[in-house]
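K.L.:
This structure is in structure tokens; I'll ask about it shortly.
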Amino acid sequence: IARRNQCGEPLLKSVKLKSGDIKLYPYKIYCYKSVKESLSTMVKQKYFEDKCEEWRHRRQEPGVMTDVYDGKIWKEFGEDKNQHFLKTERNYGLMLNLDWFQPFEHVRYSVGVIYAVVLNLPREERFKLKNVFLVGIIPDMSGEPSVQTFIKPFVEEMKIAWSTGFSMRSHNNPKKDASFKLACLCVGCDIPATRKLCVFLGHGATLGCSKCTKKFPGE
């Protein structure tokens, strides 16, 4: 405790039960931040929309790949549905990230953070704090549930962001709503986090039926 600074934010509320007992309940079980809310803040920044369009005018040397824009996915995303998603202005591709860290020294306490960045931004702007979507914070838990539990609100919001988009005012459109669409193009994590986030099989995964169990090669 001596090594920590307490923020003073109330985490629990007291509820009186019918029996007369007092029980403590958390104000928030899972801290999730709306993607729409984060995007609304970002598009009000000066030059944000302009910087998201700079990639269209960049010079590319033949046969040289220096960023995500040079890849096949970026160039062809959505063409199978005749949407040409990234060819339309204010359509943004996101990279989703998940990582765990220890916020305190000398204590075994691990916190997970889910966040996203806008790939349309130039690389030097992409990971600046003001341009990062904080999606959710996973508290330390004795029994860790599936990561899919924590990204479910994000998935539901992204369905809307992909199909109809979000209408909101921006720095370039201060007097009337403009439509912004989002799509999650990739995941950028270390291998253990990627397997949890994308539901890939882990190191200890096995194949088999009720009569036999066979491990993957290299396990």
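The values are calculated or read from the model by the stated rules, or taken from the named source; none is laboratory data. All values derive from a computational prediction rather than experimental measurement. All Cβ positions, even for glycine, are placed from backbone atoms using ideal geometry, and neighbour counts span all protein chains on display. Areas reflect the complete protein model, heavy atoms only, side chains present, ligands, DNA and RNA absent. Shrake-Rupley method; radii C 1.70, N 1.55, O 1.52, S 1.80 Å.
K.L.:
So, in segment 106-130, exactly how many residues are of a type in the set (S, T, N, Q) and at pLDDT 95 or above? Lay out the reasoning, then the answer.
P.N.:
Quick first cut of segment 106-130, residues of a type in the set (S, T, N, Q) only: 110, 120.
Among the residues that remain, those that are also at pLDDT 95 or above are: 120.
Counting residues in segment 106-130 that are of a type in the set (S, T, N, Q) and at pLDDT 95 or above gives 1.
K.L.:
Any idea which of (1) at pLDDT below 85; (2) under 26 Å from Pro139 (Cα atoms); (3) not in a loop (DSSP other than H, G, I, E, B) is the one Lys23 doesn't satisfy?
P.N.:
(1)
K.L.:
What number of residues in segment 154-178 are open to solvent by 50 Å² or more (accessible area, probe 1.4 Å) and not polar (S, T, N, Q)?
P.N.:
In the first step, residues of segment 154-178 are kept if they are open to solvent by 50 Å² or more (accessible area, probe 1.4 Å); the result is 155-156, 159-160, 162-164, 167, 169, 171-172, 174-177.
After this cut, where a residue has to be not polar (S, T, N, Q) as well, the list is 155-156, 159-160, 162, 169, 171, 174-177.
Number satisfying all stated conditions: 11.
K.L.:
Still on this structure, please answer the following. Suppose the filter is hydroxyl-bearing (Ser, Thr, Tyr), open to solvent by less than 100 Å² (accessible area, probe 1.4 Å) and more than 20 Å from the chain's Cα centre (by Cα); does Ser40 pass it? Let's see the steps before the verdict.
P.N.:
Working: hydroxyl-bearing (Ser, Thr, Tyr): yes; open to solvent by less than 100 Å² (accessible area, probe 1.4 Å): yes; more than 20 Å from the chain's Cα centre (by Cα): no.
For Ser40, the condition - hydroxyl-bearing (Ser, Thr, Tyr), open to solvent by less than 100 Å² (accessible area, probe 1.4 Å) and more than 20 Å from the chain's Cα centre (by Cα) - is not met.
K.L.:
Filter segment 159-193 for residues that are in contact with a strand residue (DSSP E or B) (Cβ under 6 Å, 6 or more places away or on another chain) and outside any strand (DSSP E or B) and give the result.
P.N.:
The first filter runs over segment 159-193 and keeps only residues in contact with a strand residue (DSSP E or B) (Cβ under 6 Å, 6 or more places away or on another chain), leaving 161-162, 165-167, 170, 177, 179-189, 193.
Across segment 159-193, the qualifying residues are Ala161, Trp162, Gly165, Ser170, Asp177, Gly188, Cys189, Ala193.
K.L.:
Across segment 82-112, which residue is nearest to the chain's Cα centre (by Cα) among those that are under 28 Å from Ser170 (Cα atoms) and open to solvent by 20 Å² or more (accessible area, probe 1.4 Å)?
P.N.:
Applying the filter and picking the extreme gives Met95.
K.L.:
Could I ask something else about it? When the residues of segment 60-81 are narrowed to those that are in contact with a Phe, Trp or Tyr (Cβ under 9 Å, 6 or more places away or on another chain) and assigned to a loop (DSSP other than H, G, I, E, B), which ends up least open to solvent (accessible area, probe 1.4 Å)?
P.N.:
Checked segment 60-81; the qualifying residue least open to solvent (accessible area, probe 1.4 Å) is Gly78.
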